[in-house]
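*Asks:* One structure coming up, written as structure tokens, with questions to follow.
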Amino acid sequence: MHWLYLFRHGETDFNREQRFQGHIDVPLNDEGRRQAAALVRPLRRIGLECILSSDLLRARETAEIVARGLEIPIFQTPGLREAHLGNAQGLTVEEIEANFGRELVEKWRSPYLSDADVSYPGGESGRQVLERVLASMENFLGSTEYQHVGVATHGGVIRRVVRALLADHSAFIPIPNGIVYPLERGREGPRLKLLNSSPLRRP
């Protein structure tokens, strides 16, 4: 049995500006570092043993702050990166709507599985993101003895995973910086289960 705790990285200046980051490697700002430090207490209570992190700086910095506080190891993988957003990377929401239309933005954020193949020009689809993220987590769990694993990743990644696990795919999923969602992987195989549709912690 494994328990995973997906947590979103702390705030960056791009987040504050409502600018799409994708694979652009943006560091945390001071508020983001504070949010990361605030994760230490709740993650200590659940007995976190290690962290599997996206290799992008904002997730990696968050993981490092938590790991130092808990004195646990970090493992990195590009498989947990945020979606590659193609030509939308680095643009604000307003700029994206002006360039690609509001309909595409709404479809990208859509909770419906019928919109899972939508992507920005030159970018990944939501389905591709979900497949690589689930594969990365499964590969790690299959090669480790750790049972309580933190997963330092991104808002878009968490949204895709949680929506795929919810029975009601239209449910609202809050994903502010620093949020944590607990998942369970049973002994029967690589089937993940959302332990609660509400997050473990709200900042």
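The values are calculated or read from the model by the stated rules, or taken from the named source; none is laboratory data. This structure is a prediction, so every number in the text was calculated from the model and none was measured. Reconstructed Cβ throughout: ideal geometry from the backbone, glycine too, with neighbour counts over all protein chains shown.
*Asks:* Which of the residues belonging to segment 83-125 are assigned to a loop (DSSP other than H, G, I, E, B) and either touching a Ser or Thr at 6+ places or on another chain (Cβ under 7 Å) or hydroxyl-bearing (Ser, Thr, Tyr) (or both)? Can you show your working first?
*Replies:* Going through segment 83-125, the residues assigned to a loop (DSSP other than H, G, I, E, B) turn out to be 83-85, 89-91, 101, 109-112, 116-125.
Hits for segment 83-125 are SER110, PRO111, TYR112, ALA116, ASP117, VAL118, SER119, TYR120, SER125.
*Asks:* Provide a single number: the residues in segment 22-60 that are over 27 Å from LYS193 (Cβ atoms) and surrounded by fewer than 22 Cβ atoms within 10 Å (Cβ to Cβ).
*Replies:* Of the residues in that region, 13 qualify.
*Asks:* Considering each residue of segment 148-167, count those that are of a type in the set (D, E, K, R) and under 8 Å from the mean Cα position of the chain (by Cα), and give that number. Before you say what the answer is, go through the steps one by one.
*Replies:* Residues of segment 148-167 that are of a type in the set (D, E, K, R), as a first pass: 159-160, 163.
With under 8 Å from the mean Cα position of the chain (by Cα) added as a condition, the list becomes 159.
The number of residues fulfilling the criteria is 1.
Okay, residues lined up against (1) surrounded by 15 or more Cβ atoms within 10 Å (Cβ to Cβ); (2) modelled with pLDDT of 95 or more:
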position: GLU106; (1), (2): no, no
position: ARG109; (1), (2): no, no
position: ALA116; (1), (2): yes, no
position: VAL133; (1), (2): yes, yes
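*Asks:* For segment 61-82: of the residues being exposed (fewer than 14 other Cβ atoms within 10 Å of the Cβ) and assigned to a loop (DSSP other than H, G, I, E, B), which is nearest to the chain's Cα centre (by Cα)?
*Replies:* Quick first cut of segment 61-82, residues exposed (fewer than 14 other Cβ atoms within 10 Å of the Cβ) only: 68, 71, 73, 78.
Remaining after also requiring assigned to a loop (DSSP other than H, G, I, E, B): 71, 73.
Details: GLU71: 22, PRO73: 19 Å.
Ranking the candidates gives PRO73 first.
*Asks:* Let me ask you something else. From the set of residues in segment 135-161 that are surrounded by 20 or more Cβ atoms within 10 Å (Cβ to Cβ) and aliphatic (A, V, I, L, M), which is nearest to ARG81 (Cα to Cα)?
*Replies:* Only one residue fits best here, namely VAL157.
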